[in-house]
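Remarks on the structure that follows.
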Amino acid sequence: MDSFEKWLSEQKDTQVIDKQFSKSDYVPVDLSINSKLFQFQNPTTADDYEVILKKYIALKKGKVGFGGYLEKRNLYQRSSLFTQSSSNNRSIHLGIDLWIDAGTLILAAFDGEIHSFKNNTALGDYGPTILLKHTLNSFHFYTLYGHLSLESISELKMGQFFKKGEKIATLGEAKVNGDYAPHLHFQIIRDIQDFQGDYPGVCSEEQLSFYQKNCPDPNLILQLS
């Protein structure tokens, strides 16, 4: 663990969805290629996935599903966005997903300003997306919030400032969020490179070394497990 990751792990009381949920409300969800969640089910639509996830989370006596950092998934094979070439077949998830109803409040993880925002409309993409820029304790980094509602980006301004824990958005429905069951994709990024309103949230095996370093585990700050 380097100095930045250590600092992240020392941050307390960090939440990125509605503060009504306590840590006891969160249930780990496995969507990896080895998951047994869909062993006897064959979901084909976002609604199918939402029903299965809600049932599983309720069965575990939770309210929010979480997980996915560095998880290898089959979920992305439906979209050419992730399968553009055999040498760049992207399937490894780089953020953490928080599975909860559309309309749920999304909160800033840290004090920061709007770096950029965009509606990424391709099948399997983020849909409406917000990137915040942070300069804290001499560290410069970014946080990404994906699969939001269209209303979330309708009145944003570049450079607009948000305090830690302040509402920045709400979650979107499948029809606007890239065609997924409603959830927040939350990601920490050291170097945003030249991206605006977007940043890869899924990588290939060949890219993993770079992205694992550039995108630390969000659970360092959320501390859900």
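The values are calculated or read from the model by the stated rules, or taken from the named source; none is laboratory data. What you see is a predicted model, and the numbers here were worked out from it, not measured in a lab. Ideal geometry is used to build each Cβ from the backbone, glycine not excepted, and the neighbour counts take in all protein chains shown. Surface accessibility is based on the protein's heavy atoms, side chains included, excluding ligands, DNA and RNA. Shrake-Rupley method; radii C 1.70, N 1.55, O 1.52, S 1.80 Å.
What about Thr14, is it at pLDDT 90 or above and under 28 Å from Leu105 (Cα atoms)?
Yes, satisfied.
Name the single residue, out of those in segment 42-98 being among the aliphatic types (A, V, I, L, M) and in a loop (DSSP other than H, G, I, E, B), that is modelled with the lowest pLDDT.
Per the criteria, the residue is Leu81.
If Glu113 passes every condition in (1) closer than 23 Å to Leu131 by Cβ; (2) open to solvent by less than 50 Å² (accessible area, probe 1.4 Å); (3) modelled with pLDDT of 95 or more; (4) not hydrophobic (A, V, I, L, M, F, W, C) but one, which one does it miss?
So Glu113 meets the others, but not (2).
Being over 16 Å from Gln196 (Cα atoms), surrounded by fewer than 23 Cβ atoms within 10 Å (Cβ to Cβ) and touching a residue at least 24 places away in the same chain (Cβ under 8 Å) is the filter here, so list the residues in segment 141-162 that pass it.
Ser149, Leu150, Phe161, Phe162
Does Gly172 meet the test of being at positive phi and either touching a Gly at 6+ places or on another chain (Cβ under 9 Å) or open to solvent by less than 10 Å² (accessible area, probe 1.4 Å) (or both)?
Judged against the criteria, Gly172 is not a match.
Given the options Gly178, Gly165, name the one that is crowded, with 19+ Cβ neighbours inside 10 Å and touching a strand residue (DSSP E or B) at 6+ places or on another chain (Cβ under 7 Å).
Gly178
Identify, by number, the condition in (1) of a type outside the set (Lys, Arg); (2) surrounded by 15 or more Cβ atoms within 10 Å (Cβ to Cβ); (3) in contact (Cβ under 8 Å) with a residue 40 or more places away in the chain; (4) not in a helix (DSSP H, G or I) that Leu37 doesn't meet.
Unmet condition: (3).
Are any of the residues in segment 181-190 modelled with pLDDT of 95 or more and out of contact with any strand residue (DSSP E or B) (no Cβ under 7 Å at 6 or more places or on another chain)?
Within segment 181-190, none of the residues are modelled with pLDDT of 95 or more and out of contact with any strand residue (DSSP E or B) (no Cβ under 7 Å at 6 or more places or on another chain).
Return the only residue of Asp101, Asp97 being open to solvent by less than 10 Å² (accessible area, probe 1.4 Å), on the phi < 0 side of the Ramachandran plot, under 17 Å from the mean Cα position of the chain (by Cα) and charged (D, E, K, R).
Step by step, each of Asp101, Asp97 is checked, and only Asp97 is open to solvent by less than 10 Å² (accessible area, probe 1.4 Å), on the phi < 0 side of the Ramachandran plot, under 17 Å from the mean Cα position of the chain (by Cα) and charged (D, E, K, R).
Please work out if Ile168 is farther than 21 Å from Phe82 by Cα and not in a loop (DSSP other than H, G, I, E, B).
Yes, satisfied.
Of everything in segment 57-71, what is open to solvent by 50 Å² or more (accessible area, probe 1.4 Å) and farther than 27 Å from Cys203 by Cα? Give them in sequence order.
Ala58, Leu59, Lys60, Lys61, Lys63
Applying the selection to segment 9-34, what residues are in a helix (DSSP H, G or I) and either in contact with a strand residue (DSSP E or B) (Cβ under 7 Å, 6 or more places away or on another chain) or under 19 Å from Gly146 (Cβ atoms) (or both)?
Asp25
Could you list all residues from segment 11-23 that are more than 18 Å from the chain's Cα centre (by Cα) and open to solvent by 90 Å² or more (accessible area, probe 1.4 Å)?
Within segment 11-23, Lys12, Asp13, Gln20 meet the criteria.
In segment 116-128, is there at least one residue being crowded, with 17+ Cβ neighbours inside 10 Å, of a type in the set (Asp, Glu) and on the phi < 0 side of the Ramachandran plot?
For segment 116-128, residues crowded, with 17+ Cβ neighbours inside 10 Å, of a type in the set (Asp, Glu) and on the phi < 0 side of the Ramachandran plot: present.
Can you tell me how many residues within segment 72-125 are out of contact with any helix residue (DSSP H, G or I) (no Cβ under 9 Å at 6 or more places or on another chain) and more than 25 Å from Gln15 (Cα to Cα)?
13
Give segment 179-224 a look and list any residue that's in a helix (DSSP H, G or I), of a type in the set (A, V, I, L, M) and within 15 Å of the chain's Cα centre (by Cα), or say none.
Hits for segment 179-224 are Leu220, Ile221, Leu222.
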